[in-house]
Amino acid sequence: MISALHIREGHDPVPLDMPTLRQKKSRDDIFAQTWQCKFCGKPMTPRMGAIRAWYFAHKREASECPFEAESEKESPQHLALKRAAAEALRKYFGKQVASLEYEVRFPNIRRIADAVITLTDGTRVAVEAQLSPLTLHQLQDRTDSYLRDEIEVIWVFQEQDHGGLKAGGIWDTCRQWLLDEGYLVLTARATVTQTSVPLPG
Ligand SMILES: [Zn+2]
């Protein structure tokens, strides 16, 4: 998970995220703080290795955590994709961005969005970075539930040499439906060291 609640005595818990923390705090400083899962309240540990992007993990298996059930299964690829997508969109919206929060739960639709960008005019945009297969029906269903809650949604897929967005494949069908309906669709490119999401100029 990219985000966690920062617990301090005498203060309200604050959701913070690793990309921001990494810019501002030292490894030791982050490690010394107390962190809790935003969704199940169980303790979390910062994972800050030399190679992979930093993230938070439950201290023990948290099988009852809604995060498990309501968001895409967390893998290093998914972490990288959602972060690259959220950061690219933050740049894309520029001064219109009021806030960016990673991993936001929408109880009405039983869904945890990978990130939510709130714009200065109050518009909320959910970012859905999707790696695991999704049928067109599931995608339409999720898109419609966000819209019913008055949340815009931007889907992000990963382009791959094999599978992924090949013509006539499931992603291709999903992308075509989104484009036909007038949604912004992003496709990411992943290399060994970096995932990037090129945005329309
Ligand atoms: Zn949890």
What FRET efficiency would be calculated for the residue pair Ala32, Thr135, taking the C-beta separation as r and a Förster radius of 35 Å, to the nearest 0.05?
0.20
Projected label distance in nm at Ile7 and Thr45, using a 7 Å step from Cα toward the beta-carbon
1.6 nm
Which percent of the accessible heavy-atom area of the chain goes to carbon and sulfur, probe 1.4 angstrom?
47 percent
Determine the percent antiparallel among the DSSP beta bridges restricted to the stretch 71-196, to the nearest 5.
60 percent
For the chain, longest principal axis from Cα atoms; helix 136-148 axis from its Cα atoms; angle between them, nearest 10 degrees, is 60 degrees
Mean accessible area per residue over the chain (1.4 angstrom probe, all protein chains present, square angstrom) is 56 Å²
Using R₀ = 22 Å, calculate the FRET efficiency as 1/(1 + (r/R₀)^6) where r is the Cβ-Cβ separation of Gln96 and Glu150; round to 0.05.
0.80
From the Cα centre of the stretch 93-127 to that of the stretch 36-60, the distance in Å is 21 Å
For Lys42, give me every one of the lysines with a C-alpha distance below 26 angstrom, ignoring sequence neighbours fewer than eight places off in its own chain.
Lys24, Lys25, Lys59, Lys73, Lys82
The stretch 46-201 shape via C-alpha gyration tensor axes, a/c threshold 1.5:
rounded
Taking only C-alpha pairs under 8 Å that are 6+ residues apart, what is the relative contact order of the chain in percent?
14 percent
Output for the stretch 76-121: trypsin sites (Lys or Arg not before Pro) sitting in coil per DSSP, at most 11 other Cβ within 10 Å, listed by number, reads Arg110
Distance (nanometres) between label positions extended 7 Å along Cα→Cβ at Arg110 and Glu159:
3.6 nm
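The values are calculated or read from the model by the stated rules, or taken from the named source; none is laboratory data. Keep in mind that this is a model prediction, so the values were computed, not measured. Using ideal geometry, Cβ is built from the backbone for each residue, glycine included, and neighbour counts are taken over all protein chains shown. The area values use the complete protein model at the heavy-atom level, side chains included, leaving out ligands, DNA and RNA. Shrake-Rupley method; radii C 1.70, N 1.55, O 1.52, S 1.80 Å.
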